[in-house]
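Values in this text are rule-based calculations from the coordinates and carry no lab data. These numbers come from a predicted model, not from an experiment. With ideal geometry, Cβ positions are generated from the backbone for all residues, glycine too; neighbour counts draw on all protein chains shown.
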Amino acid sequence: MLEYAAFLHGIGLIDKNERQFLELIQNEIRYPVRRENWFMGRSILMRLKGKVDRAIGSVNYYDYRRDNTDIDKSYPYIELVKKDKMRRRMHVGPLEYELCSFLVRFMLMRDDTRTVRPWIEELLEDYPMLIYSGQFEMVCPPLLTENHLDKLNWSGALQYSLAKKQLCKVGNKLAGHYKSSGNLVYAVVRNAGHMVPYDQPENTLDLIDRFISKKLRTVTSK
């Protein structure tokens, strides 16, 4: 979130003065986070979100091309996960499905400002990892994800920084781009918001298939 104002300014949703104001709030988050005061960090983060909400109006965080009233929440997978066969496979018993659980959200409140960076760094030493973003999402936008990955401290960090972006096509159409080195692959899926598999199911499946079959090759910049 510490580059969020720059991102919003870059896509034209806020002006220079709003960016400078939001950056002041962003900087306040650093102090409690460095002291692992997660609740205080979250409190400042929520204040930042409130200011962003007022600045951007009804733009949808899941896809900034759309308005908040222009999102279909009747996701096809909902009826699938409610079926008895799927319930048994997921071991959820008789629990009711909720699209957004306020109880779960409450239990995870202090995790909003906690980093998973050490876990990612450790896992990358032994396991292949695919991370992807939707081109038009505002929850975890490509700019912020890219900055996060560039700061990871792992044995393949230098090689990853030298890797060249590759365009990816499905059929004859551009599906997005990716960057690959060692165990890390980062991809941006074109014409997708936060719900990448929902927005671009064919292209997402192709990306995952290529990752599993190790067809996302590494090209180093010269």
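Quantify how much of the Cα-Cα distance distribution of region 69-113 extends past 13 Å, in percent. For region 69-113, the share of Cα pairs beyond 13 Å comes to 66 percent. Most mobile of 52, 188, 104 per a Gaussian network model of the chain (Cα springs, under 10 Å)? Maximum among the listed residues: 104.
Applying the Karplus relation 6.51 cos²θ - 1.76 cosθ + 1.60 with θ = phi - 60° to region 18-33 yields 3J(HN,Hα) values of 5, 4, 4, 5, 5, 5, 5, 5, 4, 5, 5, 5, 4, 4, x, 5 Hz, where x marks Gly and Pro.
Look at the alpha carbon pairs under 8 Å that are at least 6 residues apart: their mean separation over the length of the chain gives a relative contact order of 18 percent. Between residue 132 and 187, the built amide H atoms are under 5 Å apart, and every one of these is 5 or more places off in sequence or on another chain. The HN-Hα couplings worked out from phi for region 167-179 by the Karplus form 6.51 cos²θ - 1.76 cosθ + 1.60 (θ = phi - 60°) are 6, 10, 10, 10, x, 9, 10, 5, 9, x, 8, 8, 9 Hz, whole numbers, x standing for Gly and Pro. Each label was represented as a point 7 Å from its Cα along the Cα-to-Cβ direction; for residue 99 and residue 79 these points are 1.5 nm apart.
Shape summary: region 42-163 maps onto an equivalent ellipsoid whose semi-axes, from the alpha-carbon gyration tensor, are 29, 24, 17 Å in decreasing order. Between the listed residues 32, 218, 138, the Cα displaced farthest toward the positive end of the dipole of the chain, a dipole computed from Cβ unit charges relative to the Cα centre, is found at 218.
Selection among 78, 4, 148 by position relative to the dipole of the chain gives 148 as farthest towards the positive end (Cβ unit charges, Cα centre).
Once you have the Kirkwood Rh of region 4-57 from its Cα pairs, apply Stokes-Einstein at 20 °C and 1.002 mPa s and quote D in µm²/s. So the translational diffusion coefficient is about 188 µm²/s. Each Lys and Arg Cβ is given +1 and each Asp and Glu Cβ -1; about its Cα centre, the chain then shows a dipole of about 380 debye. Computed on the Cα trace of region 181-222, the radius of gyration divided by the Kirkwood hydrodynamic radius gives Rg/Rh = 1.03.
For region 183-200, backbone phi angles converted through the Karplus equation (6.51, -1.76, 1.60; θ = phi - 60°) give residue-by-residue couplings of 8, 10, 10, 10, 10, 10, 8, 5, 6, 10, x, 5, 8, 4, x, 6, 6, 9 Hz, Gly and Pro being listed as x. Loop sites by DSSP among the GluC sites (Glu not before Pro) of the chain, restricted to those with at most 15 other Cβ atoms within 10 angstrom, leave 126-222 as the longest stretch without any of them. Using every pair of separate Cα atoms, the Kirkwood estimate puts the hydrodynamic radius of region 117-212 at 13.7 angstrom.
The average projected area of the chain, computed from the convex hull of its Cα atoms over all directions, is 15.0 nm². For region 4-57, relative contact order (Cα pairs under 8 Å, six or more residues apart, normalised by length) works out to 35 percent.
Overall form of region 1-94: oblate. Here a/c, set by the Cα gyration tensor axes a ≥ b ≥ c, is 1.5 or more, and a/b is not larger than b/c. The Cα center of region 88-125 and the Cα center of region 139-211 differ in position by 22 Å.
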